[in-house]
1. Is it the case that residue 285 is more than 28 Å from the chain's Cα centre (by Cα), in the same structural domain as residue 185 (by TED's automatic domain parsing) and more than 19 Å from residue 20 (Cα to Cα)?
2. For segment 266-279, enumerate the residues that are modelled with pLDDT of 90 or more and either surrounded by fewer than 17 Cβ atoms within 10 Å (Cβ to Cβ) or not hydrophobic (A, V, I, L, M, F, W, C) (or both).
3. If the requirement is being in contact (Cβ under 8 Å) with a residue 24 or more places away in the chain, within 27 Å of residue 320 (Cβ to Cβ) and not acidic (Asp, Glu), which of these qualifies: 243, 225?
4. Would you mind telling me which numbered condition in (1) surrounded by 16 or more Cβ atoms within 10 Å (Cβ to Cβ); (2) under 30 Å from residue 311 (Cβ atoms) residue 118 fails?
5. When you go through 44, 83, 39 one by one, which is the residue that is in contact with a Pro (Cβ under 7 Å, 6 or more places away or on another chain), touching a residue at least 12 places away in the same chain (Cβ under 8 Å) and of a type in the set (A, V, I, L, M, F, W, C)?
6. Go through segment 171-185 and give me each residue that's part of a helix (DSSP H, G or I), touching a residue at least 60 places away in the same chain (Cβ under 8 Å) and surrounded by fewer than 16 Cβ atoms within 10 Å (Cβ to Cβ).
7. Checking residue 138 against (1) assigned by TED's automatic domain parsing to the domain that holds residue 68; (2) assigned to a loop (DSSP other than H, G, I, E, B); (3) over 23 Å from residue 76 (Cβ atoms): exactly one of these is not met. Which one?
8. Look through 168, 159 and report the one residue that is surrounded by 14 or more Cβ atoms within 10 Å (Cβ to Cβ) and either hydrophobic (A, V, I, L, M, F, W, C) or on the phi > 0 side of the Ramachandran plot (or both).
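The values are calculated or read from the model by the stated rules, or taken from the named source; none is laboratory data. Predicted, not measured: the structure shown is a model, and the values here were computed from it. FYI the Cβ positions are ideal-geometry reconstructions off the backbone, even for glycines, and counts take in every protein chain you see.
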Amino acid sequence: MSETDWREFRLHVGMPHLRAGGLAEEPLIKHLGAFQWQAAASLAGQPEDAVVNEAGERLHVSMISVELGMPMSRDWDEFDEGADLCFRQRTRVYGRKLVEGCFLFDKEAIPDPELAGVVGRDDLVAGSRPWAYVTHGFITRTPTTWAKLETPRAFLEQALPEPAAMPAGIAEHQAVERTGAIDGFSDWAAARALPCAGPAATFAYEIEPESDLNALGLVYCARLPGIMAGAERRLLRERLPVPLSEPLVSCLRVAHRRIYYFANASHEARLRLHVEGRFLPPAAAPPSRVRMLGRLLFRSDVYRASDGVLMASSLVERVLRVPGQRKPLLTEAERWRAGLLGRD
């Protein structure tokens with residue numbers, strides 16, 4: 001397979017994939033991870049449960065970074081129950097241990113000619129379709145909170161589709177781990193900080209083994225965006241001088257997320273989350289069926305409560321979209337925005 005080849009995956013959207021307002025982020029990330037694992041195993045010429053390292057130990061893939069993007073002209077409510085989604089994915093392998101996956105997805109088939117000019121993440125961002133950029137590493141199936149990267153035995157002596165340079169998600173992961181700074185959200189500095197107590201709000205999260213742990217007994221990487229979203233919701237509902245109502249918070253939609261994973265948790269009872277929020281008012285626009293009333297940006301960092309080890313860091317941009325007929329929510333949003341922007 002050449003690096004220009006794109007696989008196709010299909011997903012029929014049902015109730016397990018939805019939240020109020022359309023396709024949910026967590027099941028989408030789970031499917032992206034599963035698709036990427038299938039693609040990597042295909043490169044190895046083996047089913048997923050037969051991929052092993054040089055010592056013969058079974059391997060699986062562990063997320064290093066995930067980025068999701070929804071063009072401003074699109075919304076998650078397009079992907080409702082009964083939709084048949086087409087995912088196009090291209091896999092490349094760096095250093096025989098690291099996997100880069102570029103995804104485009106939509107309700108319609110995505111033709112090959114459209115993919116010809118998509119080389120890297122910047123091309124995904126510049127397009128008009130929803131997209132994802134995912135990086136993984138291969139690790140053994142032995143439960144451990146610190147992942148050691150492994151090389152699949154099948155990759156040692158075969159040609160692989162390789163990028164010309166280290167994938168962006170891998171290079172950024174290293175930079176974020178060293179500095180804490182997540183680039184790519186140019187509006188962060190210009191946005192108005194939400195008036196919480198201190199520079200960031202802190203929340204505790206009790207791990208639920210039945211829903212939060214994966215088959216290895218570790219916190220499932222795809223669960224962390226949902227756990228972060230819960231802390232963001234608590235910030236908006238509990239920590240502001242004028243909190244947002246639950247119906248208004250439910251109108252927030254993910255427009256762009258980057259998340260980087262550094263460590264995991266096993267036999268951990270509790271996580272600790274630091275969350276910082278900022279607000280950007282909307283540009284002037286004529287009345288429409290759905291009003292875009294501004295953007296909320298959140299920086300979230302997840303730590304193990306037992307020893308303070310950083311597990312993951314994320315930036316997410318959420319768009320506040322309110323149906324034009326919901327007058328009470330429009331009024332609440334306008335009053336909240338006026339109060340926030342009127343502060344010194």
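1. Judged against the criteria, residue 285 is a match.
2. Those that are modelled with pLDDT of 90 or more and either surrounded by fewer than 17 Cβ atoms within 10 Å (Cβ to Cβ) or not hydrophobic (A, V, I, L, M, F, W, C) (or both): 270, 272, 274, 276, 277, 278.
3. When all the criteria are applied, what remains is 225.
4. Answer for residue 118: the failing condition is (2).
5. Sole residue among the options that is in contact with a Pro (Cβ under 7 Å, 6 or more places away or on another chain), touching a residue at least 12 places away in the same chain (Cβ under 8 Å) and of a type in the set (A, V, I, L, M, F, W, C): 44.
6. 177
7. (2)
8. Among 168, 159, only 168 is surrounded by 14 or more Cβ atoms within 10 Å (Cβ to Cβ) and either hydrophobic (A, V, I, L, M, F, W, C) or on the phi > 0 side of the Ramachandran plot (or both).
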